[in-house]
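Visitor: Got a structure here, written out as structure tokens. Questions coming.
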């Protein structure tokens with residue numbers, strides 16, 4: 001069944017007086033140093049199969065993480081889903097008891113920026129439309145996609161979802177952060193079949209602040225056009241190729257190696273970078289990379305991270321030079337810098353990127369300015385998407401071997417590639433980029449132009 005907007009408001013009422021309740025409880029339990037991260041959400045989602053409901057979900061969720069430091073300064077942590085006074089008391093007591101078994105050699109602290117001003121992000125909170133609306137909308141989208149071409153037989157993977165979310169961070173030094181937001185997503189993945197030919201597939205994703213704002217027609221058109229473009233396929237010979245990555249594909253590849261810029265990974269010895277890598281070349285001199293969680297198109301943006309640090313626009317690569325890393329409070333302390341707003345919340349705090357933004361350095365041109373996926377007559381491979389990233393990437397070694405979807409392009413004509421794998425080393429890729437196109441494309445996961453890399457190894461199907 002669908003959850004109403006009243007459910008969201010009722011759940012948020014439990015957050016409104018949370019700090020006062022925590023102060024009373026910690027005073028009773030004689031806990032002097034503590035913090036808490038909490039999130040509540042109301043979620044609706046639907047999936048269908050040939051016009052029939054496959055899965056309908058409505059849920060109301062809460063998650064709370066509580067950390068307590070004992071008199072020796074050692075940290076204990078616990079989690080709960082119970083926002084009542086009794087639930088909070090049990091969580092505080094559990095964290096207090098756990099602190100006597102904590103790691104005294106690695107103790108995170110409060111972020112020094114936890115009370116700094118937050119950036120001003122204006123995001124309307126869109127009302128939930130409900131499961132009935134989602135179901136009708138997705139059925140209509142499936143019907144249009146199925147009728148867009150005679151060879152499209154099914155939409156095996158699809159989903160339409162909407163959420164309203166509240167997050168808070170509170171600590172015993174007076175920090176109280178809160179953000180309320182909404183988001184919605186649509187996913188359509190079509191499958192086409194022709195006689196005596198292999199099935200071919202392609203998909204599309206759209207995000208918006210609310211389900212009523214989703215670009216449904218655009219998602220249908222992209223999924224249909226992508227699927228149809230793969231019907232005429234041929235095998236590709238194994239060899240070295242000039243490759244053009246679409247923005248989505250290159251962001252997928254770079255995201256799989258985000259440990260390059262992750263200070264936690266560097267400290268743990270799980271990154272190709274090290275503590276001395278800052279200030280050294282890592283890419284071609286015409287490439288810039290930022291992690292900009294505040295980008296207006298980042299639907300899931302937040303004004304603060306799990307430690308209460310304000311979200312920032314961080315320069316990671318500037319003119320090919322590794323200029324910055326993403327930090328938590330603990331990693332920033334090791335590197336003698338400030339946290340960057342990328343932390344989770346835990347006993348050992350994780351760090352992850354928000355929204356990667358790739359651009360060309362204004363003062364430096366690439367060696368192959370003529371390359372453009374719309375106009376070039378050069379032969380090349382255009383990669384639309386990478387598959388099996390979880391299995392084909394060895395982030396700590398830099399190597400990748402990934403099946404991909406794409407086309408071999410000759411004289412401007414595209415022919416879908418039957419099946420192939422691209423392999424290489426991420427540091428080689430970053431230093432052998434031959435062109436970044438001028439147009440930056442906004443995707444559901446970041447911003448990037450089309451990226452050209454020469455001499456990449458592609459293995460065709462035997």
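The values are calculated or read from the model by the stated rules, or taken from the named source; none is laboratory data. Note that the structure is predicted; figures quoted are calculated from it, not measured. When we count neighbours, we look across all protein chains shown, and the Cβ atoms used for this are built from the backbone with ideal geometry, even at glycine.
Visitor: Can residue 222 be described as outside any strand (DSSP E or B) and farther than 24 Å from residue 152 by Cα? Walk me through how you get there before you give the answer.
Guide: On the way: outside any strand (DSSP E or B): yes; farther than 24 Å from residue 152 by Cα: no.
Here the answer is no, as residue 222 does not meet what is asked.
Visitor: Another one. Restricting attention to region 92-106, which residues are part of a loop (DSSP other than H, G, I, E, B) and surrounded by 15 or more Cβ atoms within 10 Å (Cβ to Cβ)?
Guide: 102, the sole residue that qualifies.
Visitor: Hey, another quick one. For region 396-454, which strands (runs of 3 or more DSSP E) that fit wholly inside it have 3 or more residues that are more than 13 Å from residue 253 (Cβ to Cβ)? Can you show your working first?
Guide: Numbers: elements: 399-410, 413-417, 420-425, 433-436, 446-448.
Strands (runs of 3 or more DSSP E) meeting the threshold: 399-410, 413-417, 433-436.
Visitor: Quick check on region 358-378. Is at least one of its residues under 30 Å from residue 78 (Cβ atoms) and more than 17 Å from the chain's Cα centre (by Cα)?
Guide: So far as region 358-378 goes, no, none of its residues is under 30 Å from residue 78 (Cβ atoms) and more than 17 Å from the chain's Cα centre (by Cα).
Visitor: Looking at region 204-225, can you tell me whether even one residue there is touching a strand residue (DSSP E or B) at 6+ places or on another chain (Cβ under 7 Å) and under 20 Å from residue 461 (Cα atoms)?
Guide: No, region 204-225 has no match at all.
Let's see how each residue does on (1) without any contact (Cβ under 8 Å) to a residue 60 or more places away in the chain; (2) closer than 19 Å to residue 360 by Cα; (3) out of contact with any strand residue (DSSP E or B) (no Cβ under 8 Å at 6 or more places or on another chain); (4) assigned by TED's automatic domain parsing to the domain that holds residue 171:
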| site | (1), (2), (3), (4) |
| --- | --- |
| 244 | no, yes, no, no |
| 261 | no, yes, no, no |
| 264 | no, no, no, no |
| 279 | yes, yes, no, no |
| 282 | no, yes, no, no |
| 287 | no, yes, no, no |
| 290 | no, yes, no, no |
| 300 | no, no, no, no |
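Visitor: Turning to a different aspect of this structure: Which of the residues spanning region 315-345 are part of a loop (DSSP other than H, G, I, E, B) and crowded, with 24+ Cβ neighbours inside 10 Å?
Guide: Hits for region 315-345 are 325, 327, 328, 339, 340, 341, 342.
Visitor: Check residue 383 against each of (1) at pLDDT 90 or above; (2) outside any strand (DSSP E or B) and name the one condition it does not meet.
Guide: (2)
Visitor: Also: Suppose we filter 165, 121, 152 for residues that are in the same structural domain as residue 210 (by TED's automatic domain parsing) and over 30 Å from residue 49 (Cα atoms); which single one remains?
Guide: Result: 121 is the single residue among 165, 121, 152 that is in the same structural domain as residue 210 (by TED's automatic domain parsing) and over 30 Å from residue 49 (Cα atoms).
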